[in-house]
Amino acid sequence: MVLEAISKLEPRDFENLAFDLLQSAGLRNMVWRTPGADGGRDIEGHFLLNDLSGAITVQKWYVECKRYSSAVDWPTLWGKIAYADNQEADYLLLVTNNNPSPQCETQLSAWNAQRRRVQVRVWRGYEIEKILEGYPAVAAKYGLRDKPTPIDVEFFPLLTEVTKVAQASYTALELDGDPRPGLEVAASLTELISLRMAQVRSQGRIFAADVTVAKPEYTWLNWTGPVGAWESAGIRAFLSAYRCFTAAETLNVTGSQDEARLVPVKGRGRLTPVVQASLANIALWADIELGPLDEGTLSMTIRPRRGKA
């Protein structure tokens, strides 16, 4: 039933599903490539691996996500491989609701066996169904649950974030610190959770609600340029969390119609992988795409999630 529902997703929703799964799985610095000749959008990102010595290896991944009405043939996949190879990618991942044809599977195995620079991986339709089992929040977001599950299971990671910031706020209060950043995050996340729970219960998935073109009214927020179209609850939750997690005094935002560049002022030195995972989780429910993070300045580009094509 889930595979059938995946195949019925609109093309843009299928691409967004792939983006959210990849972001949840740990792909970082994700950017959309311009639409290809087939009208699909490709994703580029980095995956970080720690070896036994503690050294970090950065893998460059290219992802082709597209619904196909029939099996994927080798000439189609070969064109994707050639492009990824030209861009010096380490891996090409094909995310599809269908399967490679038998001949394509044979050629694909032969290609990988030759240890070419670009190794090819495939998320087949039935594999996406299995992958979704490990990411119940993503499944709930797109209405792809095989059977109803306790709603707190899907929202548990977000509820955990509320618990952590609430505890941090209390500690700050006890130590004569400023509890307001954490309280703002807790309040905005609680609002977002309430909204998403109601949507999942009533519609079976989430959707954009209360889209605004007005910037959030935070005293620490300096927004210049166009605001664009953001969902009110989502943008408040993410901005307050980003400001709190970077320990910034203020947050400078340069906006356009399609994205916003966040620059923390007097923030801490770096965002740990745990904090980055927390931001990715909030972005998932806020329906926000995370762009590359500048480790030096802690600046980041975010984009409002686009709906159906």
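Each value in this text was obtained by applying a stated rule to the coordinates, not by laboratory testing. Keep in mind the model is a prediction, meaning the values are calculated, not measured. Reconstructed Cβ throughout: ideal geometry from the backbone, glycine too, with neighbour counts over all protein chains shown.
What to note about this one:
- Local electrostatic count at residue 243 - Lys and Arg +1, Asp and Glu -1, tallied over other residues with Cβ under 15 Å: +1
- Charge dipole (the chain, unit charges on Cβ, about Cα centre) - positive-most of 267, 282, 19: 19
- Over 25 Å between alpha carbons, listed pairs 130/164; 60/80; 60/141; 60/215; 80/141: 130/164; 60/141; 60/215; 80/141
- Residue among 110, 171, 189 farthest towards the positive dipole end of the chain, charges placed on Cβ: 110
- Within the chain, antiparallel bridges make up roughly 65 percent of the DSSP beta bridges whose residues both belong there.
- Tensor-based shape of the chain (alpha-carbon gyration tensor, a/c under 1.5 rounded, otherwise prolate or oblate): prolate
- Each Lys and Arg contributes +1 and each Asp and Glu -1, all at the Cβ; summed about the Cα centre of the chain, the dipole is approximately 320 debye.
- Shape class of the stretch 151-304 from the alpha-carbon gyration tensor: oblate, with a/c at 1.5 or above and b/c at least as large as a/b.
- Springs between Cα atoms under 10 Å define the GNM used for the chain, and in it the highest mean-square fluctuation of 60, 80, 164 occurs at 164.
- Projecting the Cα atoms of 227, 49, 75 onto the dipole axis of the chain, where Lys and Arg carry +1 and Asp and Glu carry -1 at the beta carbon, places 75 farthest toward the positive end.
- Each of 47, 155, 19 has some number of other Cβ atoms within 10 Å of its Cβ, and from fewest to most they run 47, 155, 19.
- For 235, 81, order by how many other beta-carbon atoms lie within 10 Å, fewest first: 81, 235
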